[in-house]
Amino acid sequence: GIRQLTSPPGNNAEATLSPNGKKIIFTSMRDGDLDLYEMDTKGKNVKRLTSELGYDGGAFYSPDGTQIVYRSFHPNTEAEIARYRGRLANNLIEPTVFEVWVMNADGSDKRQVTKLGAASFAPFFTPDGKKIIFCTNYFATDTRKRNFDLALINVDGTGLERVTFNETFDGFPMFSPDGKKLVFASNRNAANQGDTNVFIAD
């Protein structure tokens, strides 16, 4: 049956389950910022994993459960901080630049994987845990940066490789556990502008 695991205060979203089925990682505003939290599957033992000002979200565990990959935007300048806080006060975010980050499952050893200065999000580990596939507009040539493609990168931030080349949105990639199939969402072959469908590829 369905049961509620979180309760006020704060909005709670983007929850994913650990590979062993014992933990859930999710994004919440319960402490006034968009941070990542972990809890057990009964909704108990909530632990905050990120604390730097900014948006941390879209997290997934590595296949062995030892690492967490997520997207993040950390405002740096006074103007960026003021704009971020103003938007957040109205329950809004402005997702123009996200980078991919990795940390240990306990929240330690946070490290930035991408430094693309683009909207990079929806990261997911390859089945061997050595690379991350993600969605980004880094390769876009249109002025509005609306073309998102899938890319692979090593966990240490080296070896950036473009995976899709379609001139529409490709995003939200996930590998099958055996690594033989890739599923993702795309606007390609859309009957109407903005239609998004699910695709699978070898």
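Straight-line cross-link partners of LYS145 among the lysines, defined as a Cα under 27 Å from its Cα and at least 8 positions apart when in the same chain: LYS115, LYS131. Shown in residue order for region 32-38 are the 3J(HN,Hα) couplings computed by the Karplus curve 6.51 cos²θ - 1.76 cosθ + 1.60 at θ = phi - 60°: x, 9, 8, 10, 9, 10, 10 Hz (x for Gly and Pro).
Bridging of LYS44 to lysines at a Cα separation below 25 Å is possible for LYS22, LYS23, LYS110, once same-chain residues fewer than 8 apart are set aside.
Each residue of region 48-64 is assigned a 3J(HN,Hα), and the resulting list reads 7, 9, 10, 9, 6, 4, x, 9, 10, x, x, 7, 9, 7, 6, x, 8 Hz, derived from the Karplus form 6.51 cos²θ - 1.76 cosθ + 1.60 (θ = phi - 60°), x at Gly and Pro.
Hey, any idea what % of the chain's accessible area is carbon plus sulfur with a 1.4 Å probe? Carbon-and-sulfur percentage of accessible area, whole number: 51. With the convex hull drawn around the C-alpha atoms of the chain, the volume per residue stands at 149 Å³. Against the empirical curve 2.2 N^0.38 Å, the C-alpha radius of gyration of region 34-140 lands at a ratio of 1.10. Projecting the Cα atoms of GLY54, ALA119, TYR37 onto the dipole axis of the chain, where Lys and Arg carry +1 and Asp and Glu carry -1 at the beta carbon, places TYR37 farthest toward the positive end.
The sum of -39500 (n - 2.57) across all DSSP H runs of n ≥ 4, divided by the residue count of the chain, sets its helix-only mean residue ellipticity at 222 nm to -2000 deg cm²/dmol. At the residue level, LYS42 shows approximately 140 square angstrom of accessible surface with a 1.4 angstrom probe and all protein chains present. The charge dipole of the chain, taken about its Cα centre with unit charges on the Cβ of Lys, Arg, Asp and Glu (plus for the first two, minus for the last two), comes to roughly 360 debye.
Sequence-distant contacts, meaning Cα pairs under 8 Å at least 6 residues apart, place the relative contact order of region 12-70 at 31 percent.
Each peptide in 150-156, 80-86, 65-71 gets a packing score, the mean of other Cβ atoms within 10 Å over its residues, and the list from highest to lowest is 65-71, 150-156, 80-86.
The values are calculated or read from the model by the stated rules, or taken from the named source; none is laboratory data. What you see is a predicted model; the values in this text were computed from it and never measured. Heads up, the Cβs are rebuilt from the backbone with ideal geometry, glycines too, and the neighbour counts pull from every protein chain shown. Ligands, DNA and RNA are stripped out before the accessible areas are found, and what is left, the full protein with its side chains, is counted by its heavy atoms. Shrake-Rupley method; radii C 1.70, N 1.55, O 1.52, S 1.80 Å.
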